[in-house]
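A short write-up of the structure that comes next.
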Amino acid sequence: MTVVALLSMTMAFAEDENLNSTNSLQAYKMEVNYYKLGEALDLSSDQLEAVKDIHHEFCANMMSVAAANKEARPAMMKNAINNDLRFMRSVLNKKQYKRYLLLLNTTLVNRGLL
């Protein structure tokens, strides 16, 4: 009986670890609805195309962060966010950039990344 109980507890723990790993990976997926983002930021069609390109790069960088070890993640995430913001700043006007900062910060906080 003790062996069965021990195996059951081990299996439950392993299942929980896999679930936490999956949830952690999901937190780093930064895909967005570009139509809604364009509306929220009041983007022109040229700005929307540039934002899509910049955000695709940000998504790839964040998936690299998710795959990295825990010690490397903070520095990699900071670098990914800084690059994203630098590129967005060159495309967006001040009002749009301020709103983008709010959206990005809220997203990162809600996902437990900040």
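Karplus-based coupling profile of segment 71-86, in residue order and whole Hz: 6, 7, 4, x, 5, 5, 5, 4, 5, 5, 5, 4, 5, 4, 5, 4, with θ = phi - 60° in 6.51 cos²θ - 1.76 cosθ + 1.60 and x standing for Gly or Pro. Shown is the FRET efficiency for ASN79 and ASP42, computed with R0 = 25 Å from the Cβ-Cβ distance and rounded to the nearest 0.05: 0.30.
Read-outs throughout are calculated quantities, based only on the coordinates presented, and are distinct from any laboratory measurement. Bear in mind the structure is a predicted one, so any value in this text is a computation, not a measurement. Positions of Cβ are backbone-derived with ideal geometry, glycine not excepted, and every protein chain shown enters the neighbour counts.
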